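One structure below.
The values are calculated or read from the model by the stated rules, or taken from the named source; none is laboratory data. From a predicted model like this one, the values you see are computed outputs, not experimental measurements. Here Cβ is always computed from backbone atoms with ideal geometry, including for glycine, and neighbour counts include all displayed protein chains.
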Amino acid sequence: MKKLLTGILGLCCLAIFASFEGPDSETCDTNALKDKARKAMEPFKFDAAKLMKISTRGQEYKKEIEVPLFSGESYRFVFNAEALKSAIGIEIFNKDKDSKNRKLLFSSKEAGADKKEFVWNYDKSTKVYVDYTIPAGENGAFNGCLLFMLGYK
Amino acid sequence: MHLNKAASALYGSLATAACIFLFSCGSGKKDDQKEVTSTKDTTAPAAAEHKGDQTSYTLPSPIQIASIFKKAGLTYYPNIGNAAENASKYNAGKVNESLNLGVYSADLSYCALNKQAQDARNYLKASRQMAEMLGLGKVFETDNLASRFDANLSVDDSLGPIIADMEMQTDLILQEREQEYISATVFAGAWVESMYIGGKVFEKGKGKNVSAHLIEQMAIANNIIKALKANESKDPAISGVASDIASIRDLFENFAGVKALTQDRDEVDFSKIAITDAEMAGFIKKIDEIRAKIVKG
């Protein structure tokens, strides 16, 4: 009886262990990403940061971040993609994804598809929209983290 | 019977092995606060997780807003900010605490950029007190931020980068912990306090250029409201904060000059909006009213 109970407990443990397998066990060293992005940010000053944890889905999808910018400031956008297992598309537009005739201001493809860090400067006071395009993959599979840091001077 | 015993023994062995493996794996990561352990998209409202097309927002740091006002000629007046000793009275829950952490972050930025070392030290202490109540005391330990701050109190232009580091640490820790609702309320408090300080300096007649930047800041009012509304389910007090910010926005959007420029337009250049003196007085009064609600505790 005692062994049977131990066995049941064992199966429970295995079930718990199995639940820790897969995407949730994946981690990113945020401090390492932050330190690298901060170096790329110099001489600009830190303004905001967005850590995006990326999982794939059965089909390609997009994430958009609206970034307000103010007059009289120059801005630097730094993207650190070192913690991503496979590349995602990074684009910056002058209008949101639902707008017609929006203008592409920056594209990671043009900057170099094999790069892991992207730096882009901008000095207009308007909103811009950062779009991430996550390619199709295994549904729910963890692809890693992308850090976006915004600076100004 | 022998087979059952053997199976039982096998389960027992597997159980022991699995438990040992499970806990040995867990202990290696548990203490490493640097690492992110979730796969959720931290920038998106949870309810819209699988829609995939939702937009999230960045909100400027309090030190950047202070810097914009400073460039516009915002002069320093002592005692405009919330009294640092009030920090001990904010204990009515996370929203109340995070709003006032934001208020003190804005006051700290205002003092630091105007080289008011002693006032900045007092606001740093108040900010730390609020941060500790929110479980963010670690921010002040990372990279020796607090001691760097003390060591640089008398060094010109060195406090700004240290405050920026604190804000960055706070942002990232909250994102790692998936507590972005705290980020949103901290920012709401900081934004209201920054607008309040800008309004007070404008009223004293020594910040004529500040009015244009007060107006320009309204470009992010909707982002703050959306960020708060996306997190309403996390704490019932958040919807009240969103309504307060919305009341400032609604007043502003009803000014004739604002209506004329924003009607039927997707994109508005806020730097081109002009409002009358009476409208500006009403606008500042509304900000005062909302700020008073936040700092009363």
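Can you work out which of the residues in region A:68-77 that are within 12 Å of another protein chain (Cβ to nearest Cβ) and modelled with pLDDT of 95 or more is nearest to the chain's Cα centre (by Cα)? Applying the filter and picking the extreme gives A:77.
Being buried (at least 21 other Cβ atoms within 10 Å of the Cβ) and under 30 Å from residue B:212 (Cα atoms): is that true of residue A:149 here? So residue A:149 passes the test. Hey, can you tell me all the residues within region B:214-239 that are surrounded by fewer than 15 Cβ atoms within 10 Å (Cβ to Cβ) and either out of contact with any helix residue (DSSP H, G or I) (no Cβ under 8 Å at 6 or more places or on another chain) or at positive phi (or both)? If the condition is that a residue be surrounded by fewer than 15 Cβ atoms within 10 Å (Cβ to Cβ) and either out of contact with any helix residue (DSSP H, G or I) (no Cβ under 8 Å at 6 or more places or on another chain) or at positive phi (or both), then B:236 is the only one that fits. All conditions but one from (1) surrounded by 15 or more Cβ atoms within 10 Å (Cβ to Cβ); (2) of a type in the set (D, E, K, R); (3) at pLDDT 90 or above apply to residue A:42; the one that does not is (1).
Taken together, A:64, A:82 contain a single residue that is among the acidic types (Asp, Glu), crowded, with 16+ Cβ neighbours inside 10 Å and more than 13 Å from chain B (Cβ to nearest Cβ), which is A:82. The residues of region A:90-117 that are of a type in the set (Gly, Ala, Ser) and either touching a residue at least 40 places away in the same chain (Cβ under 8 Å) or over 21 Å from residue A:80 (Cβ atoms) (or both) amount to a single one, A:99.
Going through (1) acidic (Asp, Glu); (2) facing another protein chain (nearest Cβ under 10 Å); (3) in a loop (DSSP other than H, G, I, E, B) one by one, residue A:138 falls short only on (2).
Counting only helices (runs of 4 or more DSSP H) that fall entirely inside region B:187-279 and contain at least 1 residues that are within 25 Å of residue B:81 (Cβ to Cβ), the qualifying elements are B:210-217, B:221-229, B:237-253. Annotation: residue B:109 fulfils all but one of (1) away from chain A (no Cβ under 14 Å); (2) of a type in the set (Ser, Thr, Tyr); (3) buried (at least 19 other Cβ atoms within 10 Å of the Cβ); the unmet one is (1). Among the conditions (1) surrounded by fewer than 19 Cβ atoms within 10 Å (Cβ to Cβ); (2) part of a helix (DSSP H, G or I); (3) in contact (Cβ under 8 Å) with a residue 40 or more places away in the chain, residue B:115 misses just one, which is (2). Suppose the filter is within 14 Å of chain A (Cβ to nearest Cβ) and at pLDDT 85 or above; does residue B:159 pass it? No: the conditions fail for residue B:159. Against the definition (farther than 30 Å from residue A:71 by Cα and of a type in the set (Ser, Thr, Tyr)), how does residue B:109 come out, yes or no? Judged against the criteria, residue B:109 is not a match.
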